[in-house]
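Structure first, commentary second.
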């Protein structure tokens, strides 16, 4: 089985979230999408309160993710979304995080960036106590001595069949709103970002036992993403619904 790989240019937050949900709902084969945010933006976990972020600088783009967890300031980072049938991942959520995070570790190590997957701590949760994803590392998070390096969250659906959307945000350079995070460029100045994206895709494909194949959105995925952007992620009422 193939792992379709989409390497997208940085896009606005509403479009990014719309494409990721479209891939969860519409894609047949497993698909990995690597991208970024332009302009930089804050994504809220699906269950977070919009009012808790009233202190953000005026004009900060804000979007609500389909996945849970804490908020992320998407600045200079490598963002990825993995959409696939649940049967291709370990049945327990912790096992799926461990599998995917070990693949990210291997990709980082190839570029001289060393991190550790935490063996203990609080487990992944859709409703975290801290409002920022990177504020308090937990079990299976990737960390360096500077802090948490990778933010991850999942959404699992049962219809039309059991599927998983896994979001990952790998910090390359520390963003202004969350200065407590670790960053890959702490250890690897002048990091080859395209090379890192390719290594990440290869390692994730290998971890899943899939063949990596470059791809692009299908017409059906594009059309669904456009509807989701217009009717959901681009709608301020959806962002502020909680």
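The values are calculated or read from the model by the stated rules, or taken from the named source; none is laboratory data. From a predicted model like this one, the values you see are computed outputs, not experimental measurements. Counting neighbours? That spans all protein chains shown, and the Cβs are built from the backbone with ideal geometry, glycine included.
Condition test on residue 104, is it farther than 13 Å from residue 168 by Cα and under 14 Å from the mean Cα position of the chain (by Cα)?
no
So which of 195, 147 ends up being modelled with pLDDT of 95 or more and either at positive phi or buried (at least 20 other Cβ atoms within 10 Å of the Cβ) (or both)?
147
Go through (1) out of contact with any helix residue (DSSP H, G or I) (no Cβ under 9 Å at 6 or more places or on another chain); (2) surrounded by 16 or more Cβ atoms within 10 Å (Cβ to Cβ) one by one and return the number of the condition residue 167 breaks.
Against the list (1) out of contact with any helix residue (DSSP H, G or I) (no Cβ under 9 Å at 6 or more places or on another chain); (2) surrounded by 16 or more Cβ atoms within 10 Å (Cβ to Cβ), residue 167 comes up short only on (1).
Suppose the filter is touching a helix residue (DSSP H, G or I) at 6+ places or on another chain (Cβ under 9 Å), at pLDDT 95 or above, outside any helix (DSSP H, G or I) and surrounded by 15 or more Cβ atoms within 10 Å (Cβ to Cβ); does residue 105 pass it?
no
Could you look through the range 69-102, keep only residues that are part of a loop (DSSP other than H, G, I, E, B) and touching a residue at least 60 places away in the same chain (Cβ under 8 Å), and pick out the one that is farthest from residue 11 (Cα to Cα)?
89
Looking only at the range 63-79, which residues are crowded, with 18+ Cβ neighbours inside 10 Å and farther than 11 Å from residue 153 by Cα?
Across the range 63-79, the qualifying residues are 63, 64, 73, 74, 75, 77, 78, 79.
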